[in-house]
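The values are calculated or read from the model by the stated rules, or taken from the named source; none is laboratory data. Since the structure is predicted, the reported quantities are computational estimates derived from the model, not experimental observations. Cβ atoms come from the backbone with ideal geometry, glycine included; neighbour counts cover every protein chain shown.
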Amino acid sequence: MALARNERKLKLQSQYEEMEKEFYNNRSINFATHVLMDEYNMTEEEVLEYLSKLSLDSDKEISEIANIICALCEGKEKKL
């Protein structure tokens, strides 16, 4: 009984962590998309194609590319 409860707890914890990661990845991608749309007057479709190309060319996930864009924007804001 306790073993089954512990297994369920571990499974729920794992699901929670995966959902949290997905949430933050989506948030970063959304932020980066809006930054690129505003800065370069791109459509959402163009931005997503651009991020996909960067992802393939750099062998990184789109969320990693988005995090880099977010970090660059934070640095830009601090300099202003």
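Here are a few things to note about the model shown:
- Any chance Glu39 is at pLDDT below 95, part of a helix (DSSP H, G or I) and among the charged types (D, E, K, R): yes
- Hits in the range 45-80 (condition: part of a helix (DSSP H, G or I), modelled with pLDDT of 95 or more, out of contact with any Leu (no Cβ under 9 Å at 6 or more places or on another chain) and not aliphatic (A, V, I, L, M)): Glu45, Glu49, Ser52, Lys53, Ser55, Asp57, Ser58, Ser63, Glu64, Asn67
- Scan of the range 1-59 for residues that are of a type in the set (Ser, Thr, Tyr) and either surrounded by 14 or more Cβ atoms within 10 Å (Cβ to Cβ) or under 18 Å from the mean Cα position of the chain (by Cα) (or both), ordered by number: Tyr16, Tyr24, Ser28, Thr33, Tyr50, Ser52, Ser55, Ser58
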